[in-house]
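Engineer: Mind looking over this structure? Questions follow.
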Amino acid sequence: MVKFHDLTVADIRAETDESVSIAFAVPEALKDAYSFTPGQFLTLRAEVGGEDIRRSYSICSGVNDNELRVAVKRVGGGRFSGFANSAVAAGDVLQVMTPDGRFTLAPDPALNGRHVVAFAAGSGITPIMSIVKSLLEDEPETTVTLFYGNRTVGGVIFRDALEALKDRFTKRFTLVHLLSGERQEAPLLNGRLDGEKAATLLRVLVPEEADAYLICGPGTMVEDIRAALRAQGVAEGKIRFELFTPAEGVALASVAPSDAGAVPAEAGETARVAVLIDGVRTEFDLPFNGPCVLEGAEAAGADAPFSCKGGVCATCRARVLQGAVEMAQNYALLEDEVAQGFVLTCQSRPTSKTLVLDYDAV
Ligand code: FES
């Protein structure tokens, strides 16, 4: 299971006016714990303004970089991103969770020669940077096409690093910048990277179906491009995506991995909940219409893992062993995981009198 360790900031550098990347020194004894698959993220934890805050940031290093580095873009009103962009310095110590996340694509010699198409918007480039770099380096025949949308040139994170990658892998890496706030010569490259634009770009620049598609950016962009790919007949299994900011108003996902003992939720009633974490069982009562399972577990003293609390990162994932829950939203679990009984505990409320969840399940 994921765990926090204290890591020292080895380096911090400005990537744009609004973003920095932070590299951590990893002691020899923790090298294995912090080895990562391209596309994964780290959750950072610090006390900011007297409050304990944790946020997830994707790793941007490639697997051969011998470095553990994340990028942090400042967001309006974002306390942690503001803190990271203005107060963190080399030598500081932050609590860093071991890598997590399933938006991954690892180099695989057996798949050398594939074509991967990626769509990224803004800071959505971070995990894609790690994946693209690792693929180009470790699969010598593989080709990558990256469509990268930003408002202005000045806001393009990793602009120099991407250009260097393009120079290094001239024949295998196609990089296409789209700008919505500045004009470029080719009209096709002006405007937002949305479903319609993606469909046009694919028709013009990638007429043959690729082997894998990656999408990372805001929720609406991800959903639009997924829909555009499906409309072109791309199988869902070829598409991987990660939301950086969940869309508003997404319908509730109802999940009932086991309907044994399911009862209608009534105000004032409580469920008896048990959670297994690192083999330790913690039991507590939780009102049907009250806090989510994760909050209940925390209040009962269990060391339940979490990061975003927004249904995006899956750090709080657990498997329902007995009973049933309803999830408010799910941006992280795949359909087959849900079918196997996995839920996001930060989004789950009990709908059965008895509920048992296993955080250790894989
Ligand atoms: S803590 Fe991120 S999905 Fe639950």
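The values are calculated or read from the model by the stated rules, or taken from the named source; none is laboratory data. Keep in mind that this is a model prediction, so the values were computed, not measured. With ideal geometry, Cβ positions are generated from the backbone for all residues, glycine too; neighbour counts draw on all protein chains shown.
Engineer: Being touching a Leu at 6+ places or on another chain (Cβ under 9 Å) and within 15 Å of the ligand (Cβ to nearest atom) is the filter here, so list the residues in the stretch 42-52 that pass it.
Structural biologist: Across the stretch 42-52, the qualifying residues are 42, 44, 45.
Engineer: Can you tell me how many residues within the stretch 284-326 are part of a strand (DSSP E or B) and either away from the ligand (no atom under 12 Å from the Cβ) or under 17 Å from residue 270 (Cα atoms) (or both)?
Structural biologist: Quick first cut of the stretch 284-326, residues part of a strand (DSSP E or B) only: 284-287, 317-322, 325-326.
Then drop every residue that is not either away from the ligand (no atom under 12 Å from the Cβ) or under 17 Å from residue 270 (Cα atoms) (or both), which leaves 284-287, 319-322, 325-326.
Looking only at that region, the number is 10.
Engineer: Consider residue 38 carefully, then state whether it is loosely packed, with under 15 Cβ neighbours inside 10 Å and either outside the structural domain of residue 241 (by TED's automatic domain parsing) or touching a strand residue (DSSP E or B) at 6+ places or on another chain (Cβ under 8 Å) (or both).
Structural biologist: no
Engineer: Every residue in the stretch 62-77 that is more than 15 Å from the chain's Cα centre (by Cα) and small (Gly, Ala, Ser), please.
Structural biologist: If the condition is that a residue be more than 15 Å from the chain's Cα centre (by Cα) and small (Gly, Ala, Ser), then 62, 76, 77 are the ones that fit.
For every residue, the table says whether it meets (1) at pLDDT below 95; (2) within 20 Å of residue 109 (Cα to Cα).
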residue: 135; (1), (2): no, yes
residue: 141; (1), (2): no, yes
residue: 158; (1), (2): no, no
residue: 165; (1), (2): no, no
residue: 169; (1), (2): no, yes
residue: 177; (1), (2): no, no
residue: 186; (1), (2): yes, no
residue: 201; (1), (2): no, no
residue: 207; (1), (2): yes, no
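Residue-wise test of (1) out of contact with any Pro (no Cβ under 8 Å at 6 or more places or on another chain); (2) within 22 Å of residue 222 (Cα to Cα); (3) among the acidic types (Asp, Glu); (4) modelled with pLDDT under 95.
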{"position": "313", "(1), (2), (3), (4)": "yes, yes, no, yes"}
{"position": "320", "(1), (2), (3), (4)": "no, no, no, no"}
{"position": "323", "(1), (2), (3), (4)": "no, no, no, no"}
{"position": "330", "(1), (2), (3), (4)": "yes, yes, no, yes"}
{"position": "334", "(1), (2), (3), (4)": "yes, yes, no, yes"}
{"position": "348", "(1), (2), (3), (4)": "yes, no, no, no"}
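Engineer: State yes or no: is residue 340 among the polar types (S, T, N, Q) and within 12 Å of the ligand (Cβ to nearest atom)? Walk me through how you get there before you give the answer.
Structural biologist: Details: among the polar types (S, T, N, Q): yes; within 12 Å of the ligand (Cβ to nearest atom): no.
Taking the combined requirement at face value, the residue does not satisfy it.
Each row is one residue, and each column tells you yes or no for (1) in contact with a strand residue (DSSP E or B) (Cβ under 6 Å, 6 or more places away or on another chain); (2) outside the structural domain of residue 194 (by TED's automatic domain parsing); (3) not in a loop (DSSP other than H, G, I, E, B).
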site	(1), (2), (3)
63	no, yes, no
66	no, yes, no
69	yes, yes, yes
76	no, yes, no
84	yes, yes, yes
89	no, yes, no
104	no, yes, no
123	yes, no, yes
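Engineer: Name every residue in the stretch 338-351 that is surrounded by fewer than 23 Cβ atoms within 10 Å (Cβ to Cβ) and part of a strand (DSSP E or B), in order of residue number.
Structural biologist: 349
Engineer: Test residue 256 against the stated conditions and say whether it is modelled with pLDDT of 95 or more and either closer than 20 Å to residue 317 by Cβ or among the polar types (S, T, N, Q) (or both). Lay out the reasoning, then the answer.
Structural biologist: Details: modelled with pLDDT of 95 or more: no; either closer than 20 Å to residue 317 by Cβ or among the polar types (S, T, N, Q) (or both): yes.
When the stated conditions are applied, residue 256 does not pass them.
Engineer: If you scan the stretch 327-337, which residues turn out to be away from the ligand (no atom under 13 Å from the Cβ) and outside any helix (DSSP H, G or I)?
Structural biologist: Hit for the stretch 327-337 is 334, nothing else.
Engineer: Looking at 11, 6, can you tell me which residue is over 26 Å from residue 108 (Cα atoms), more than 16 Å from the ligand (Cβ to nearest atom), among the acidic types (Asp, Glu) and touching a Leu at 6+ places or on another chain (Cβ under 8 Å)?
Structural biologist: 6
Engineer: Quickly run through the stretch 269-320 and pick out the residues that are aliphatic (A, V, I, L, M) and either more than 27 Å from the chain's Cα centre (by Cα) or farther than 30 Å from residue 78 by Cα (or both).
Structural biologist: Listed by number, the residues that qualify are 271, 273, 274, 275, 276, 277, 280, 286, 300, 320.
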